[in-house]
Amino acid sequence: MAIKYSEKVIEHFQNPHNVGKIENPDAEATEGSPACGDQLSVYLKVDPESHKIKDIKFQSYGCASNIATASIITDLAMNKTIEDAKKITWKQAADALGGLPPIKMHCSVLAVDALRSAIKEYEKKKLGKRFDEGLNKKNIEKQLNKIIYGKIGVDIISLRLVKYIGVDEKNNILIEITLKKDDPFLSDVKDEIKERLHTFPNIGKIKISLV
């Protein structure tokens, strides 16, 4: 079945804004999901006094929704302070595009992820900020909050599909989710859970159980 896109998505896909790479950027970040085939790099130039984003560009490898969401996210972030840019949400990005098909909502999450990762890199390099990036339940939940259940285009935490998060002394992780074995989106959800959690250092085994 063909996927129906809004006119705004098609417009940003065919004529994307802010495409390219900034030479000697103040910060850059790449986020991607090999499970869905999309990847996105974001580059920033930030005014050191006002901390406003004075230039932002992206390179996208993926579908029409990936390109369109990257285009709209860079538009939304341009000329904002890094604090305001961090507040941009994937729902705002989707709304600005006139909506996205539920199965493509993960692209807006990817775009916001890449923007926030670039901002975090700027804060580390230029502002000397430190972040808690350890393997704990709070940070695991933050990663799971980015995983979209493609049937309705909402993240699995908001849908309360995650019933348990556990970490043992060997850094093994147990995730319990409430999806049926025959759910057509189960495989995608499990793949993305593993992919996102493998970004933590010194991680052990990941076990995903259905309850």
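The values are calculated or read from the model by the stated rules, or taken from the named source; none is laboratory data. In this text, all values refer to a predicted model and were calculated from it rather than measured experimentally. Note that we place each Cβ from the backbone using ideal geometry, even for glycine, and neighbour counts take in every protein chain shown.
Observations
- All conditions but one from (1) surrounded by 18 or more Cβ atoms within 10 Å (Cβ to Cβ); (2) closer than 30 Å to L100 by Cα apply to I157; the one that does not is (1).
- Matching residues in region 93-144 - criterion: being of a type in the set (K, R) and either surrounded by fewer than 14 Cβ atoms within 10 Å (Cβ to Cβ) or on the phi > 0 side of the Ramachandran plot (or both): K124, K125, K129, R130, K137, K138, K142
- Scanning region 32-55 for residues that are farther than 30 Å from D191 by Cβ and outside any loop (DSSP other than H, G, I, E, B) yields K45, V46, K52, I53, K54, D55.
- Criterion violated by A29 - all others in (1) more than 20 Å from T199 (Cβ to Cβ); (2) outside any loop (DSSP other than H, G, I, E, B); (3) not β-branched (V, I, T) satisfied: (1)
- Under the condition of being touching a Ser or Thr at 6+ places or on another chain (Cβ under 8 Å) and in contact (Cβ under 8 Å) with a residue 60 or more places away in the chain, the residues counted in region 166-211 number 2.
- Among residues of region 135-158, those that are part of a loop (DSSP other than H, G, I, E, B) and either touching a residue at least 24 places away in the same chain (Cβ under 8 Å) or more than 16 Å from W90 (Cα to Cα) (or both), counted: 9
Results for (1) within 14 Å of the chain's Cα centre (by Cα); (2) modelled with pLDDT under 95; (3) within 22 Å of E11 (Cβ to Cβ), shown as yes or no for each residue.
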| site | (1), (2), (3) |
| --- | --- |
| Y43 | no, no, no |
| K54 | no, no, no |
| Q59 | no, no, yes |
| C63 | no, yes, yes |
| N66 | yes, yes, yes |
| D75 | no, no, yes |
| N79 | no, no, yes |
| T89 | yes, no, yes |
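- Failed item in (1) crowded, with 16+ Cβ neighbours inside 10 Å; (2) modelled with pLDDT under 95; (3) charged (D, E, K, R), with K151 passing the rest: (1)
- Any hit, region 85-97, residues being in a helix (DSSP H, G or I) and outside the structural domain of K57 (by TED's automatic domain parsing): no
- Condition check for P102 on (1) in contact (Cβ under 8 Å) with a residue 12 or more places away in the chain; (2) not assigned by TED's automatic domain parsing to the domain that holds K86: one failure, at (2).
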